[in-house]
Amino acid sequence: MKIFGLIAVLVVGALLLSATSDFPDWRDKDSPANESPVSSFYIEKTEKLTKVPNMVTAVLADYRSYDTMFETVVIFIAGIGIIAVLRNFDGPNSSSIKRENNDEGGGLLARFTCSLILPFIQIFALYVVAHGHHSPGGGFQGGVMLGASYILAALAFGLSKAKDIFSERRTMIFAAVGIFIYVGWGVLCLLFGKEFLNYEALDPILPGDAKMARSHSMLIVEIGVAFTVTAIMFSMYSNLSTRGRLSKGL
Amino acid sequence: MDPIIATFIEENIVPNFNYWIYVILMMIGLYAMITKNNLIKKLIGMAIFQTAIILFYVSVGVKDAANIPIISHHGSEHHQMTDLSSETDSTKEIHNTIDKDKYANPLPHVLMLTAIVVGVSTLGLALAISQKIYKSFGTLEEDEILNKLRPGGHD
Amino acid sequence: MTEHFPVLILLVPLFGALIVVLLGRERPDQCWVTSLISLGVSSLISFFTVIAVLSGKVQTLRYRMGGWPESDGYEVGIELRVDILAALVVFAVTFVGFVNTIYSKTRAGAEVRGKVPFFYALIQLLIVGLCGIVMTNDAFNLYVLIEITSLTSYALIAMGNRRAALSSFNYVIMGTIGASFYLIGVGYLYIKTGTLNIDDIRMVLEQKNLWEHQSIIVAFIFIMLGVWTKMAFFPLHGWLPNAYAYAPSMTGTFMAPLMTKVMVYVMIRVMVWIFGNEFVYSSQPMWGEIVIWMSVLAIVAGSLLALARTDIKKILTYLIVAEVGYMVGGSWLADGVGQAGAFYHILSDAAMTFCLFIAASIIVLRVGDSRVNAFDGLFRKMPLTMIGFTVGALSMIGLPPTCGFFSKWYLISAGIEAGHWGYVCALIFSSLVNAVIFFRIFERAYFGKISGVKEDHFPSDSDANPDIRIKEVPWSMLVPLFIASGSVLLLGIMNRSLFEWIQAALKMMNT
Amino acid sequence: MTEFSFIPLFTWIVSLLAVPGILLFRKRPDAREGITFLAAFLKLGMIFMMLPLIREGKILCFKFGEILPGIPIEFRVDGLGMLFALVASSLWILTTLYSLGYMRGLKEHDQTRFFVCFALSLSATIGVAFAGNLLTLYIFYEILSLSTYPLVTHHGDKEARSGGRTYLSHLLGTSVAFVLPAMIYCYWKSGGDLNFTDGSLLSTNIGSDAGLIVLLAFTLGFAKSGLMPFHSWLPNAMVAPTPVSALLHAVAVVKVGVFCVLRVFTGVFGTDLIAELDIAAVISYVAAFTIIVSSLIALTQDNLKRRLAFSTIGQLAYIVLGVSFLTSNGVTGSAMHIATHAFGKITLFFCAGAIFVATGKKYVSQMVGLGRQMPVTMLAFLFGSLSIIGLPPFGGAWSKWYLFLGALEADQLAMAVVLIISSILNIAYLLPIPINAFFRRPPQEDGQAETIEIKEAPMACVVPLSITAVGGLLLFLFPELGFELAQLLTKK
């Protein structure tokens, strides 16, 4: 089996390497990928068309926002998938199982430190979400940070405490609402008579001109992403760390 | 060193070393996924495998002397650059033209953001599944699991 | 309104999934209704899409997400492209999803107790993913959607028993390898062409005449490998049988007919749209030869493995492996009849696999035993179920007027036309093996001992024994079964027009 | 010439419509059988309606729905089809009457299923007879295989099941393995056409080798014709109740097999093309081999029905042999033999069934001296045997005569010799049965009185077998209709 695997892996590697012979050199600014009209368009026109200087965010949340919508859905699927796989609702005594982990959280030092830094983490996370079009950042990054802050809280104060703030039920609502914001915003464009996710359609209800409408819409969409990511990150942690035996039901 | 090998390295590996690194990483991951007996090790292989691909994509978008793909509002650096490079253009256009060589290709970054998310989700789900396996079989070694399945024959 | 159909097909089940998750815990009984409605609406829309695409006004629906126009002839956004092929497959997906939801009415509560909302959410998201795969015109978006279908199916399969979890894990490993190979292939195409839109990739490949480049060839190989892994093409099939056999029944009934078929669709699409017939069939004549022999191997091995099983679901899953061989072989034979035949087989195989899986699930449920012995005397115990099963089985064997006959007809004629006798023989061999498999079952079902009644002495039909008749399942399972077997027959009757549409669409793609 | 008409459709559909009727009246046997009779008579009536038209040389045609590009489901009634349909549907009436006596006499189970499947098989048979293209033919051929399966395995015991397994695996297996690809090959070669309309579907651009393979694939693939390597389904199918063996395995099913072969020779290839490609000899050899070997096997069989089955195999091979001479006499003889053999063999089977119903005897060795107990039956048996052997004044004489002429016409002396030898063998395995029945005394059992009473089977059994026996006689006296229909086939 091992030899077999090794041969297969080597064949795959050799094939992939054989193709690199006619690849452009690394860092080549004239490689087809880098000088193609598509990427030139992104670099040259983005700011003009969307008023967003961060091209990555613009591409993510506007040009390829359809992709990103599904990306958010992927996260959502992972979240509910983990619950669906792990949780045993009809188990013999699912509700009465005592939490086996020592769920007391960290020591005094850890708690104290965390209570100090958690607000900053969260504020920074919100900043990352909100400032995504001007600086590196966006819904995913900010969402992960926010999720991490809750995980940190769970580590420091114990999962049950963290759950009191962010219960399973609430995570699910947050996750679904996040996607709801994203998709709903796209549908709103439909209702205004343009294509799905064509933010220009929302010009009448947003301040600024049609281009600003794109910029604003990106923010809203990113907020939706952040909702989902935050909720699912925390839900993933809490489910995996307790092997699906969360005592407090949804 | 043998001159043949040296020229090979010189001509093939050095200009494309990013591809070599990604392929080697990918092979490590793939090998682990195929041959490892422990389910978690397989997942570690999977993570390496996916990361290798991310590395590959990101390295595609790199340009010499280019910056992150965020148009900078501060300083007049790029305006000056474009002023020099396209003097004949009308003034209105000068103001809006952006030198695309100054910025890295944004598309691979976006794609990989998606790929990372997919990777995280897959890993999380796979961990959940392996927890379920552990719960019902009491082990994460593949051969032991198969042994447990064999005598009963049904489940 | 028509122009928004493609996106509406996706959005309705997506919202359905969200609503199910939001409302599910309080009102689990509403989940079924919600997803029934959402999938019903979705399949209705896709039905109208089929009509719209056929009606001549629109041959191909293009939908630019975000309304981004093309720039310099390149698409900068993501585009959906729905031609008749896509419309048909989308309709098949949503319709099977809808019918399967009817089937799951009572089963979901029993098999995934307490997780019903999650089940319905996941299955709707799976349908979103499958429809998205079929409609998208963006190579990377295709990857994301493949991963959506993968993740949902990992979770759906793992919701079953512990064997299901194990096979789901294998599926994770194989599925990730497959999807990543596809991603690598797309990456190589991107390096060489600088675009991700499928039409544009083709355009650049033509303009720069990149056909001979090693990287393009490798890209093609890796995309194919990835797709084959996902569709369980023979040497890469290991994950499929256990995964589908041990998954909860209403998951199996949905995934077995659709997952592999949609990947076959992706394969045909990649072959025809991105790379084009000339590259695939002419530039490297060896490829076709190798792949067709591999498919011959797949057909023969799949059939024999099925023959060796005694578990009905395992038999069916191995038959899927053989059927995948049919389609891969058919689409690699040549352009023209082969491709169109393989495509027609996508639809017909979906219908008959669906029919057989529902029937088998019903039987396993009622008899409580998945081995073939369980079929003893079933024609008397569950006549309606067995009628459905028989239709599906006859189609698998390839008897007229079921659709299995016609797809076999097209595939065999493609094989004869291409002069590939090995493939023709493999198809016939597999028909014969299928006949043996199913008639073995029929014989049991027809003559087998009914418990308590001695062999050689059946009660005459005038005095029906009341307690052998009570075993029929509720309507919520029989109706889907009959819809499935009806569509097996309908596809057979409609084969000519379907085939002509398919051929026309494939021709349009090539010009 | 070709005329659109709905009558072929109605003829086909009438037995199909009988099915729901039979199911509806499953609780009332008399009404149920009444429906079968009604359908049978209607069917025969419609065939008689078409008969004059066909005799004028018209061809009735009905098509609907193009199921594959260029291929509709097509009914097309020509002389050959008419002849076959006439034989099959007239014998259906008699068989229904006979099965009434047989099934009720033995108090068989599942009579409804029996009659349903019987009606279905008859529909499929008519479908084959009227099929206007190869695909229609194939579809009805397969339906016939499937719908007769429940009849063959009617008893449901182990023997019946294994018989049914052989039956289905041979018939379905060969048709899928050989006929289907051959048909698709023809479809491709002829550019999307499978119609029987004019002489040759395939043109000469098919090579001799390919032609031979296709021809062999068709001839062996239609395994219902019982040619030698794939014959064993027929003896195994004898586990079925006797009416089934009688109508289906002496008339409908097996004749469908040879009918298909005839169609392939005349409709798909055309005798001219086969002559040109010079590929008929192989078929002749296969047929000749089958004739001799099956007759020899028949000699050794003690079970009467099995003996008759092997006899059928040999007689069917006559038909194939006759076609393979490629002469008009040969083809006429073959077509005639479909009719004459049908009457002869169904008589024999009816007799075998009547003996079983009356005495429970199945084996030839038990039937010594039976003539005094069942004189009518045994006389009919004698008639039937003579017809099969081909002696005047019975119908079989004509068909054998033409076959013989055909062999001579084709300069196939060896085949003529085969025909003679086989006739002698026919005498050897058939005639001793009635002779022993009439002229030898049954073996005495201890303390049993020698008084033998006449104890025939029920009237419902005896009447049909008498009619068919007389029918064999009539075919000798009035063969014109048969000739006329058969010759429609050979003249272009």
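The values are calculated or read from the model by the stated rules, or taken from the named source; none is laboratory data. On a predicted model such as this, the values are computed, not experimentally measured, just so you know. When we count neighbours, we look across all protein chains shown, and the Cβ atoms used for this are built from the backbone with ideal geometry, even at glycine.
Among A:195, A:168, which is surrounded by fewer than 24 Cβ atoms within 10 Å (Cβ to Cβ), touching a Leu at 6+ places or on another chain (Cβ under 6 Å) and within 12 Å of another protein chain (Cβ to nearest Cβ)? Being surrounded by fewer than 24 Cβ atoms within 10 Å (Cβ to Cβ), touching a Leu at 6+ places or on another chain (Cβ under 6 Å) and within 12 Å of another protein chain (Cβ to nearest Cβ) holds for just one of A:195, A:168, which is A:168.
Residues D:320, D:268, D:261: which one is surrounded by 24 or more Cβ atoms within 10 Å (Cβ to Cβ), touching a residue at least 40 places away in the same chain (Cβ under 8 Å), more than 23 Å from residue D:164 (Cβ to Cβ) and over 20 Å from the mean Cα position of the chain (by Cα)?
D:268
Out of the range A:200-209, which residues are more than 7 Å from chain C (Cβ to nearest Cβ) and at negative phi? The answer is A:201, A:202, A:203, A:204, A:205, A:206, A:207, A:209.
Check D:76, D:104 and return the single one that is surrounded by fewer than 21 Cβ atoms within 10 Å (Cβ to Cβ) and among the basic types (Lys, Arg).
Result of the check over D:76, D:104: D:104.
Residue D:400 falls short on exactly one of the conditions (1) at positive phi; (2) buried (at least 24 other Cβ atoms within 10 Å of the Cβ), and that condition is (1).
Going through (1) within 11 Å of chain C (Cβ to nearest Cβ); (2) not in a loop (DSSP other than H, G, I, E, B) one by one, residue A:232 falls short only on (1). Within the range B:19-63, the set of residues being touching a strand residue (DSSP E or B) at 6+ places or on another chain (Cβ under 9 Å) and under 18 Å from residue B:109 (Cα atoms) comprises just one member, B:63. Filtering the range D:110-130 for residues that are modelled with pLDDT under 85 and among the charged types (D, E, K, R) leaves a non-empty set.
For the range A:201-217, the count of residues that are part of a helix (DSSP H, G or I) and closer than 30 Å to residue A:116 by Cα is zero.
Could you please let me know if residue C:77 is within 8 Å of chain A (Cβ to nearest Cβ), part of a loop (DSSP other than H, G, I, E, B) and either buried (at least 22 other Cβ atoms within 10 Å of the Cβ) or in contact (Cβ under 8 Å) with a residue 60 or more places away in the chain (or both)? So residue C:77 fits the description; yes.
Within this structure, residue D:35 passes the test of being touching a Gly at 6+ places or on another chain (Cβ under 6 Å) and among the aliphatic types (A, V, I, L, M). Checking the stated criteria, residue A:78 turns out to be crowded, with 24+ Cβ neighbours inside 10 Å, part of a helix (DSSP H, G or I) and either modelled with pLDDT of 85 or more or in contact with a strand residue (DSSP E or B) (Cβ under 7 Å, 6 or more places away or on another chain) (or both).
For the range D:72-80, does any single residue satisfy the condition of being under 30 Å from residue C:500 (Cβ atoms) and over 24 Å from the mean Cα position of the chain (by Cα)? The answer is yes, given that some residue of the range D:72-80 is under 30 Å from residue C:500 (Cβ atoms) and over 24 Å from the mean Cα position of the chain (by Cα). Within the range B:1-26, residues that are more than 19 Å from residue C:181 (Cβ to Cβ) reach partners that are acidic (Asp, Glu) with beta carbons closer than 8 Å, at six or more positions or on different chains, in the pairs B:15/A:25; B:16/A:25.
One residue stands out in the range C:351-375 among those that are buried (at least 19 other Cβ atoms within 10 Å of the Cβ) and of a type outside the set (A, V, I, L, M): the one that is farthest from the chain's Cα centre (by Cα), namely C:375. Between C:411, C:432, C:427, the distinction of being of a type in the set (A, V, I, L, M, F, W, C), under 16 Å from residue C:325 (Cβ atoms) and in contact with a Lys or Arg (Cβ under 7 Å, 6 or more places away or on another chain) belongs to C:427 only.
The rows are residues; the columns are (1) more than 7 Å from every other protein chain (Cβ to nearest Cβ); (2) in a loop (DSSP other than H, G, I, E, B); (3) of a type in the set (Val, Ile, Thr); (4) surrounded by 18 or more Cβ atoms within 10 Å (Cβ to Cβ).
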site	(1), (2), (3), (4)
A:3	yes, no, yes, no
A:13	no, no, no, yes
A:30	yes, yes, no, no
A:39	no, no, no, yes
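When you scan the range A:58-75, how many residues do you find that are more than 8 Å from chain C (Cβ to nearest Cβ) and at pLDDT 90 or above? Number satisfying all stated conditions: 4.
If I filter the range C:471-501 down to residues being within 14 Å of another protein chain (Cβ to nearest Cβ) and closer than 20 Å to residue C:96 by Cα, which single residue comes out as nearest to the chain's Cα centre (by Cα)?
Ranking the candidates gives C:491 first.
Tallying residues that are surrounded by fewer than 24 Cβ atoms within 10 Å (Cβ to Cβ), within 11 Å of chain D (Cβ to nearest Cβ) and touching a helix residue (DSSP H, G or I) at 6+ places or on another chain (Cβ under 8 Å) within the range C:410-421 yields 5. Please work out if residue D:195 is in contact with a strand residue (DSSP E or B) (Cβ under 6 Å, 6 or more places away or on another chain) and either surrounded by fewer than 24 Cβ atoms within 10 Å (Cβ to Cβ) or free of Cβ contacts under 8 Å to residues at least 24 places away in the same chain (or both). Here the answer is yes, as residue D:195 does meet what is asked. Name the residue that is farthest from residue D:252 (Cα to Cα), counting only residues in the range D:134-191 that are acidic (Asp, Glu) and at the interface with chain C (Cβ under 7 Å from one of its Cβ atoms). For the range D:134-191, the residue satisfying everything is D:157. Looking at the range C:130-157, which of the residues that are touching a Leu at 6+ places or on another chain (Cβ under 8 Å), farther than 26 Å from residue A:17 by Cα and of a type in the set (Gly, Ala, Ser) is farthest from the other protein chains (Cβ to nearest Cβ)? Within the range C:130-157, the match that is farthest from the other protein chains (Cβ to nearest Cβ) is C:153. Looking only at the range C:422-437, residues that are buried (at least 22 other Cβ atoms within 10 Å of the Cβ), of a type in the set (A, V, I, L, M) and either on the phi > 0 side of the Ramachandran plot or facing chain D (nearest Cβ under 10 Å) (or both) come to 3 in all. Residues that are touching a residue at least 24 places away in the same chain (Cβ under 8 Å) and of a type in the set (Val, Ile, Thr) within the range D:13-54 comprise D:13, D:14, D:19, D:22, D:36, D:47, D:54, listed in sequence order.
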